[in-house]
Amino acid sequence: MNNLRTGQFTQRNRLPAGGRINRDEEITFRYNNQYYRGFKGDTLASALIANGVSVVGRSFKYSRPRGIMCAGVEEPNAIMQVGSTEATQTPNVRATEQPLFQGLVSSAVNGWPSVNVDAMSVVGKLGGDVMGPGFYYKTFMYPASMWETYEKFIRKAAGLGRCSTRIDPDRYDHMNHHVDVLVVGAGPAGLMAALAAAGTGARVMLADEQTEVGGSLLFSTQELNGKPGLDWVATACDALDNNANVIRLAHATVTGYHDHNFLTISERRTHHLGDSAPAGQTRERLHKVRAGVVILATGAHERPLVFANNDLPGCMVCSAVSHYIRRYAVVPGGSLVVMTANDSGYQCAFDWFDVGREVTAIVDTRAVAGSDVVEGAKSRGITVIPASAVVEVKGSKRVKRAVVYAISEKGNFVKGDARELDCDTVATSGGWSPAVHLSCHTGSRPVWRDDIIGFVPGATHENRFEVGSVAGEHDLSDALKHAAKIGCQAANKALDAQHANSVAIPQCDAVNSAAPMAIFHIPHPKAPSRAPKQFVDMQNDVTASGIQMSTREGFESIEHVKRYTAMGFGTDQGKTGNVNGMAIVANTLNQTIAETGTTVFRPNYRPVTFGAVAGAHVKELFDPKRFSAMHRWHLDNGAKFETVGQWMRPWYFPRDGENMHDAVNRECLATRNDVGILDASTLGKIDIQGKDTREFLGRVYTNAWAKLAPGRCRYGLMCGEDGMVMDDGVTSCLADNHFLMTTTTGGAANVLNWLEIYHQTEWPEMDVYFNSVTDHWATLSIAGPKSASLLKELCTDIDLSEDSFKFMDWRSGNVAGVPARVYRISFTGEHSFEINVAAHYGLHVWKALFEHGVKYNLTPYGTESMHVLRAEKGFLIVGQDTDGSVTPEDLNHGWAVSYNKPYSFIGKRGMRREDCLRPNRKQLVALATKEPDVVLPEGAQAVRNPRQSIPMTMVGHITSSYYSANLGRSIAMGLIRDGINRMGESVYFPLADGRTIEATIVGTDWFAE
Amino acid sequence: MFLIYCPHCEEQREEDEFHASGQAHLARPADPDACSDKEWGEFLYFRKNPRGLHRELWQHTAGCRKYFNIARDTVTYEIHGSYKVGETYEPTFQSHTSEQPGSEQRDFKHHGSEQPSDDTAS
């Protein structure tokens, strides 16, 4: 691209050696239209740090510059749009989770026109003080009609990433697993638990979301068995990989913990290789795992401390600094100030110092630190400032100075005078928050533990254990021992066995540490509302004073505070900020954190792409299409199709230059004057057998079936228990104990369920069997005055004469040389034959009919003509002319209800309810427009008096409406209040376009004299 | 996603294979024509929504197509037992949430004269 600025090819923050990167494989990538370089093994975040990029986005509400704060899934700031083409755009990618690949193109999702010159920052700075929590609710609430206007601007300002507008070129898939033990997280505790579980012979799955396993060992200095921790990790992985009972997944995040130990794992299979998956590979896979026992070894996220301007680029969490230095060999700055409330925060200062950069000071909020870290600082000559805190940092786009005060023992107020320390990076550690998220997904509530200053997973009814940091075990030696024990115990539980633990537990040196301090919100000489902003949730711009304000406004439940301030929403789901926010709420309300409680985390733990959710279930695999046996002929003959349920039905068959109107008129005229043919195969067909079939039909249909003889058919109406029409169709008696029921195309599956539930739960004593045979038969319906002549040419063994083969009879015989059931039933009012043959003969018979049909002007017609033809005769379509509030009487179909049957059939009691018997119900009638050429729109509302004031009293609506070429006028059906008693009266249809159409209520059979 | 035991197939199967059909033990009145409109309305429309143990009718739609009942805790979603239509099932476990009065098998003839009970109170 021409407008690209020349990249900085110097990785000035890259260390000359070290790190788990491959320096032989240099990678060029793009960020905000500039080229940069990194190495294979980098994340996008580590590569940006290597190149000295400080500002990686602008904040959501105040548009403040933001930098990289963390090194993993919990990162709130470095949210990127990734993708080199429109089709491969991926929004809201955490730069800390995105492996670097050749040609990666990324940009900050937030910040317009650029992150360094942000037009919105003026608003942020000016508006900052007035944009408290609930700002959007309060400001843009009125008038409600303006919301759509506001929303566009708010959304643009909010600056979340955007989706691709093209079809995703990649493929995704799903995989099911059944395992005895699923271990979530491959840090030291997870690996240990997996080894122990696998040692029993159990089927074990181990999933880890990072590109490399090892968890905290990837950046810690702790040794196992006297060697670097990662040596043990490599040995452990080898052991697991060589065990055929173990499945180990990398870059696979367990995102959902669902009922009955069903977990979903989102595996990113190729996101480290490129924008798009290599040929033949799926980009992501969703694993669906049913686990006997689940062991959570999800670790913990380090909490930053909350202080003034703590969102300035250069403010990070301590472990992230170690992570970048040790794993990626990049140093996020030149001079460091550490603020910590525990011993673990010291490590990043040591790492920083050991690579030769300046550590200005370690500021410890406690008076006393552990002897190991005190010794470590002393040996390096690093200044430690005890019982103090960084209350504020200064700078514009990067930290320049840290303001340090002494603080009280409990950390609730500052003492003495300010001290300013020059630095460009401030790393903080307020402690570790166990990653309890998955434990909450099935309803368990986390429990606060004062001793570890964090929430741990609560009790559960699922078969679930926790090991390592997520269980509050921050000491490596203890965590490994416990994990080994639990791994074996979990496997035994899943296997119902008593195996002894057989795995060796690696040894590590004991650590002499001092107790951490429970401090979350660093005091400032000014009140939080007057001090510079102190951020709790970076991604949603939630500040300490905002949380305090929301409690003052009465939002005291933590769930309410969350929703009012938006704390914990967003891609990071509050992984860094939530506990700090809860502590601030607790403090404001003068209660403990345990009393305040936590919000409940729901799936998913991290964002999951729609591609992974959909898997292979796209297009036809998501919504299969059903085709009749004659589909090929329909295609060859230019049919336009309509989707009915999943069926592709011919809609009409246009000839050269015909539009739909012309084609339908021609098809309707041909059917009434000559002969038409319809593919009716999609009608639902249920084969019913058993000696009680007759009685059963009498109970589920409204009419009588006791006397229907073999060889005869009958139209039946099916109602629900409420008396409303549910389905209809023709059922034929094949033999005394054998019937074939037809249903509407869309109702077939429901009707089968309906028959089954009544048979199995209400009348199990009845001898009756159901079988869906919809797909077994092809149904060819020929209708029109010449239909008998046509059929006679192909069928010689059935007497087709009117006297012998009467309306509503069926006969078996041969048509075009194949066995057929021929029905004299009609949905057009014409003389018709419905030819049913085994589906694989369908096309043969269809073609044979056309070979003989040319001289009769045999014309194929589709669903549109079918609708017109049936409407000309007043035949209803359930679901179009009925809507679930219509009884048989409302349809003027009382003739199809046999009230005197001995058994109280389904629907009988319902249709005798007071409301169903009252006068003035809406009834199905036909409507003739005064002007015959005007076709009423379906759904048009009827009124009796068009000159009444608005809102008018509506008396019904149009359900079906067409132009009939046979009648030379429009025809319509509708449900009109008291319509059957008001034949000849006019009703009016005021339309949205200003026209009012007058129509007369008439009988539904347009051919009736 | 539930793991459901089909008492007809005698296997634990994935929820995908099943279809929930609402409250179990809803007997159709023996003589519908003798029911008042109110009684019929209750049979048609009033359903329990208990907090705790609930009896539900499910169909093994993608399996044997048989209907059967399950006893499920609506708080924890634990399924305590599956049993065939026509059978009874008395839970023998310690429920996390107790079975509510009124969630016993529903006998329409006794229930008909009562006001719809509020099963949601805990």
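The values are calculated or read from the model by the stated rules, or taken from the named source; none is laboratory data. None of these values were measured; they are calculated from a predicted model. Don't worry about glycine lacking a Cβ; one is built from the backbone with ideal geometry, like all the others, and counts go over all protein chains shown.
Against the list (1) in a loop (DSSP other than H, G, I, E, B); (2) among the small types (Gly, Ala, Ser); (3) under 14 Å from residue A:160 (Cα atoms), the condition residue A:84 fails is (3).
For segment A:630-640, what are the residues that are touching a residue at least 12 places away in the same chain (Cβ under 8 Å) and not small (Gly, Ala, Ser)? Step through it out loud before you land on a result.
At the first step, the residues of segment A:630-640 found to be touching a residue at least 12 places away in the same chain (Cβ under 8 Å) are A:630-634, A:637-640.
Result: A:630, A:631, A:632, A:633, A:634, A:637, A:640.
The rows are residues; the columns are (1) under 28 Å from the mean Cα position of the chain (by Cα); (2) at pLDDT below 65; (3) hydroxyl-bearing (Ser, Thr, Tyr).
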position	(1), (2), (3)
A:79	yes, no, no
A:88	yes, no, yes
A:94	yes, no, no
A:101	no, no, no
A:105	yes, no, no
A:108	yes, no, no
A:113	no, yes, no
A:128	no, yes, no
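Looking only at residues of segment A:851-874 that are among the aliphatic types (A, V, I, L, M) and in contact with a strand residue (DSSP E or B) (Cβ under 7 Å, 6 or more places away or on another chain), we find that the one that is farthest from residue A:935 (Cα to Cα) is A:858.
Taking (1) touching a residue at least 12 places away in the same chain (Cβ under 8 Å); (2) surrounded by fewer than 21 Cβ atoms within 10 Å (Cβ to Cβ); (3) touching a His at 6+ places or on another chain (Cβ under 9 Å) in turn, residue A:575 satisfies each apart from (2). Considering the conditions (1) more than 14 Å from every other protein chain (Cβ to nearest Cβ); (2) within 25 Å of residue A:886 (Cβ to Cβ); (3) among the aromatic types (Phe, Trp, Tyr), residue A:805 is excluded by exactly one of them, (2). The set of residues in segment A:393-448 that are within 16 Å of residue A:313 (Cα to Cα) and small (Gly, Ala, Ser) comprises A:395, A:396, A:402, A:427. Of the set (1) in contact with a Gly (Cβ under 6 Å, 6 or more places away or on another chain); (2) within 11 Å of chain B (Cβ to nearest Cβ); (3) of a type in the set (A, V, I, L, M), all apply to residue A:726 but (2).
Each residue in segment A:884-918 was checked for being free of Cβ contacts under 8 Å to residues at least 60 places away in the same chain and either away from chain B (no Cβ under 13 Å) or over 13 Å from residue A:977 (Cα atoms) (or both), and 10 of them qualify.
Against the condition facing another protein chain (nearest Cβ under 8 Å), in contact (Cβ under 8 Å) with a residue 40 or more places away in the chain and over 17 Å from residue A:759 (Cβ atoms), how does residue B:67 come out, does it pass? Spell out the reasoning first.
Details: facing another protein chain (nearest Cβ under 8 Å): yes; in contact (Cβ under 8 Å) with a residue 40 or more places away in the chain: yes; over 17 Å from residue A:759 (Cβ atoms): no.
The answer is no for residue B:67.
Is it the case that segment B:23-44 has a residue that's within 23 Å of residue A:260 (Cβ to Cβ), among the hydrophobic types (A, V, I, L, M, F, W, C), more than 9 Å from every other protein chain (Cβ to nearest Cβ) and loosely packed, with under 14 Cβ neighbours inside 10 Å? No, segment B:23-44 contains no residue that is within 23 Å of residue A:260 (Cβ to Cβ), among the hydrophobic types (A, V, I, L, M, F, W, C), more than 9 Å from every other protein chain (Cβ to nearest Cβ) and loosely packed, with under 14 Cβ neighbours inside 10 Å.
Residue A:967 satisfies every condition listed in (1) in contact with a strand residue (DSSP E or B) (Cβ under 7 Å, 6 or more places away or on another chain); (2) more than 30 Å from residue A:704 (Cα to Cα) except (1).
Give, as residue ranges, the strands (runs of 3 or more DSSP E) completely inside segment A:235-307 that count at least 2 residues that are within 14 Å of chain B (Cβ to nearest Cβ). Quick ask: steps written out before the conclusion?
On the way: elements: A:246-249, A:252-258, A:262-268, A:284-296, A:300-303.
Fully inside segment A:235-307 and qualifying: A:252-258, A:262-268, A:284-296.
Among all residues of segment A:445-453, there is at least one that is under 38 Å from the mean Cα position of the chain (by Cα), more than 25 Å from residue A:370 (Cα to Cα) and within 14 Å of another protein chain (Cβ to nearest Cβ).
Residues considered: A:960, A:986, A:970. Of these, the only one that is touching a Phe, Trp or Tyr at 6+ places or on another chain (Cβ under 9 Å) and at pLDDT 95 or above is A:970. Scanning segment A:250-259 for residues that are modelled with pLDDT of 95 or more and surrounded by 20 or more Cβ atoms within 10 Å (Cβ to Cβ) returns A:252, A:253, A:254, A:255, A:256, A:257.
Table: residues versus (1) within 14 Å of chain B (Cβ to nearest Cβ); (2) surrounded by 14 or more Cβ atoms within 10 Å (Cβ to Cβ).
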residue	(1), (2)
A:736	no, no
A:741	no, yes
A:755	yes, yes
A:761	yes, yes
A:771	yes, no
A:779	no, yes
A:783	no, yes
A:793	no, yes
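Residues in segment B:45-64 that are in a loop (DSSP other than H, G, I, E, B) and either under 18 Å from residue A:260 (Cβ atoms) or more than 9 Å from chain A (Cβ to nearest Cβ) (or both): B:46, B:47, B:48, B:49, B:50, B:51, B:52, B:60, B:62, B:63, B:64. Looking across segment A:457-469 at every residue that is under 26 Å from residue A:521 (Cα atoms) and crowded, with 20+ Cβ neighbours inside 10 Å, the one that is farthest from the other protein chains (Cβ to nearest Cβ) is identified as A:469. Take the residues in segment A:695-723 that are closer than 18 Å to residue A:759 by Cβ and more than 14 Å from chain B (Cβ to nearest Cβ); name whichever of them is surrounded by the most Cβ atoms within 10 Å (Cβ to Cβ). Taking the candidates together, the pick is A:701.
Residue A:488 falls short on exactly one of the conditions (1) assigned to a helix (DSSP H, G or I); (2) not assigned by TED's automatic domain parsing to the domain that holds residue A:223, and that condition is (2). Of the residues making up segment A:314-332, those that are over 11 Å from residue A:427 (Cα atoms) and not hydrophobic (A, V, I, L, M, F, W, C) are A:323, A:324, A:326, A:327, A:328.
Any chance segment A:257-270 includes a residue that's in contact with a Leu (Cβ under 8 Å, 6 or more places away or on another chain), of a type in the set (Ser, Thr, Tyr) and within 15 Å of residue A:179 (Cβ to Cβ)? Looking through segment A:257-270, at least one residue is in contact with a Leu (Cβ under 8 Å, 6 or more places away or on another chain), of a type in the set (Ser, Thr, Tyr) and within 15 Å of residue A:179 (Cβ to Cβ). The single condition among (1) surrounded by 20 or more Cβ atoms within 10 Å (Cβ to Cβ); (2) within 12 Å of another protein chain (Cβ to nearest Cβ); (3) hydroxyl-bearing (Ser, Thr, Tyr) that residue B:82 does not satisfy is (2).
Which of the residues that make up segment A:538-575 are part of a loop (DSSP other than H, G, I, E, B) and among the basic types (Lys, Arg)?
Within segment A:538-575, the first condition is being part of a loop (DSSP other than H, G, I, E, B), and the residues that meet it are A:538-541, A:553-557, A:566-575.
The answer is A:575, and nothing else.
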